[in-house]
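Structure first, then comments.
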């Protein structure tokens, strides 16, 4: 958090940090999978064309929604994304016998 300039210092609880990291990891995806179409431009074009054609434009006011507890929303979002992810597959490699495994070099400890 200290890497972000002009961000006020706040105390984070471990639970909040864990939930936020989990949320970010669950939402991470490859750029190729994201729809980057500019829908607002298309909607504006449709409105302009309708207005030119003499149609009356009608707008609907947005409804006010009740405030949401952010921690509850984070948990629900994480659970939804976890449910959508495929479980990891078990490795299907062959087991190595103890004699086949090469010993690793141990680092020297400084005296």
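Does residue 76 meet the test of being surrounded by 10 or more Cβ atoms within 10 Å (Cβ to Cβ), under 29 Å from residue 18 (Cα atoms) and modelled with pLDDT of 85 or more? Spelling it out, residue 76 is indeed surrounded by 10 or more Cβ atoms within 10 Å (Cβ to Cβ), under 29 Å from residue 18 (Cα atoms) and modelled with pLDDT of 85 or more. Quick check on residue 26: is it within 30 Å of residue 84 (Cα to Cα) and at pLDDT 85 or above? No, not satisfied. The set of residues in the range 12-57 being surrounded by 10 or more Cβ atoms within 10 Å (Cβ to Cβ), more than 15 Å from residue 75 (Cα to Cα) and touching a helix residue (DSSP H, G or I) at 6+ places or on another chain (Cβ under 8 Å) is empty.
The values are calculated or read from the model by the stated rules, or taken from the named source; none is laboratory data. Model, not experiment: these values are computed from the prediction. Here the Cβ is made from the backbone with ideal geometry for all residues, glycine too, and neighbour counts use every protein chain on show.
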